[in-house]
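For reference, the structure discussed in these notes is given below.
The values are calculated or read from the model by the stated rules, or taken from the named source; none is laboratory data. Bear in mind that the values here come from a model prediction, so they are computed numbers and not experimental data. Here the Cβ is made from the backbone with ideal geometry for all residues, glycine too, and neighbour counts use every protein chain on show.
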Amino acid sequence: MLIEKRIPFRYIFRKIKWDVFRVLLFSIAFHLLKLFVADYLPIIPFQLPTILGTSISLLLAFRVNQSYDRWWEARKVWGAIVNDSRSLVLQLKTFIRDDYQRFGEEAVTRMSFRQIAWCYCLGQSLRGLEPIAEKQQEHLQEEEIGFLRTQNNKPYGLLMLHMNDLKELHEREVINAYQQVQLDNTIVRLCDSMGKAERINNTVFPVTYSLFVHFFIYLFLIILSLALVETVGIFEIPILVLIASTFFLIEKTARHMQDPFRNKPTDTSVTAIARTIEINIKQVLQKPEVPKPLTPEAFYLM
């Protein structure tokens with residue numbers, strides 16, 4: 001997630017450099033044609049690029065709006081994960097019967113640490129990275145790690161272990177049936193949030209729409225270049241490059257926001273959110289070693 005107002009120019013330019021370079025090439029080409037073969041260049045009225053530019057602006061506005069909806073939905077999903085992770089640990093700590101305190105504390109610690117691992121594991125899985133990395137393994141027991149290696153969907157496997165522990169707590173009468181239902185509902189909500197995040201990640205934004213918008217931007221710039229070269233001369237080149245940069249930046253912004261789990265600076269900051277959950281849970285458990293919040297990497301937070 002981008003967090004700084006002053007984003008480095010090199011980061012912005014790197015996103016559009018090849019598109020701007022192509023615009024610069026045909027802008028220079030049209031200017032040279034104007035100098036040497038002016039009679040063969042068509043005269044383009046300004047009304048044509050004006051109408052086309054207005055239409056493309058509306059398409060880009062729609063594209064940005066739809067992309068931001070996907071990004072914001074992903075952020076809301078992870079907000080729900082934060083709430084349900086906190087609720088799960090609080091419920092576990094308060095539901096355990098006093099006469100089963102020792103066994104209950106072990107179960108609470110095991111499930112709480114597993115919930116921390118689940119948050120990191122889900123974020124890694126959504127980004128296409130190794131789900132069971134070192135950060136996850138330090139919160140899991142050896143038999144849990146062994147079980148996860150047999151599962152294709154690692155976060156789902158962790159929720160399965162949650163349910164097994166919950167069943168054991170109820171069978172040993174450490175919690176009653178009502179408390180089991182409450183804990184079960186919390187775990188179901190976590191599974192629901194996981195499914196929503198996977199749906200966003202696996203649903204591809206219409207590729208043809210992106211291609212058409214990109215093509216129309218180039219068409220608009222070519223027509224605008226032909227119109228400008230007849231009126232402003234050499235100044236057509238910097239003017240066209242400036243206008244092109246604006247359109248391409250908006251398009252790139254929409255393209256990056258439409259995929260909030262692609263391990264890019266514009267992602268939803270799932271790792272930072274998982275670290276916040278880890279801090280909250282360990283403080284509730286009164287553990288001595290509580291990590292610090294994740295610090296930004298340059299101008300973004302992952």
Next on the checklist: Residue under question is Trp78, and the condition is that it be modelled with pLDDT of 75 or more, aromatic (Phe, Trp, Tyr) and within 30 Å of Val181 (Cβ to Cβ); does it hold?
Outcome noted: yes
Checklist outcome for this item: Scanning the stretch 1-26 residue by residue, the ones that are more than 29 Å from Phe261 (Cα to Cα) and at pLDDT below 80 total 1
Item to check | Residue list for the stretch 187-211, restricted to those being free of Cβ contacts under 8 Å to residues at least 12 places away in the same chain and within 27 Å of Pro49 (Cβ to Cβ) | outcome: Pro206, Val207, Thr208, Leu211
Next on the checklist: Among the residues that make up the stretch 241-255, is at least one of them among the charged types (D, E, K, R), within 22 Å of the chain's Cα centre (by Cα) and either crowded, with 17+ Cβ neighbours inside 10 Å or modelled with pLDDT under 80 (or both)?
Outcome noted: yes
Item to check | Single condition Asn164 does not satisfy, out of (1) more than 27 Å from the chain's Cα centre (by Cα); (2) more than 19 Å from Ile273 (Cβ to Cβ); (3) in contact (Cβ under 8 Å) with a residue 24 or more places away in the chain | outcome: (3)
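Looking only at residues in the stretch 260-302 that are acidic (Asp, Glu) and in contact (Cβ under 8 Å) with a residue 60 or more places away in the chain, which one is nearest to Phe216 (Cα to Cα)? Walk me through it before giving the result.
Of the stretch 260-302, the ones acidic (Asp, Glu) are 267, 278, 289, 297.
Still in the running and in contact (Cβ under 8 Å) with a residue 60 or more places away in the chain: 267, 278.
On the way: Asp267: 27, Glu278: 47 Å.
Applying the filter and picking the extreme gives Asp267.
Whether any residue in the stretch 149-168 is out of contact with any His (no Cβ under 8 Å at 6 or more places or on another chain), of a type in the set (Ser, Thr, Tyr) and surrounded by 14 or more Cβ atoms within 10 Å (Cβ to Cβ) is what I want to check. Spell out the reasoning first.
Narrowing the stretch 149-168 to residues out of contact with any His (no Cβ under 8 Å at 6 or more places or on another chain): 149-168.
Then keep just the ones that are of a type in the set (Ser, Thr, Tyr); that gives 150, 156.
Going one step further and asking which of them are surrounded by 14 or more Cβ atoms within 10 Å (Cβ to Cβ), we end up with 156.
Looking for residues that are out of contact with any His (no Cβ under 8 Å at 6 or more places or on another chain), of a type in the set (Ser, Thr, Tyr) and surrounded by 14 or more Cβ atoms within 10 Å (Cβ to Cβ), one finds at least one in the stretch 149-168, hence yes.
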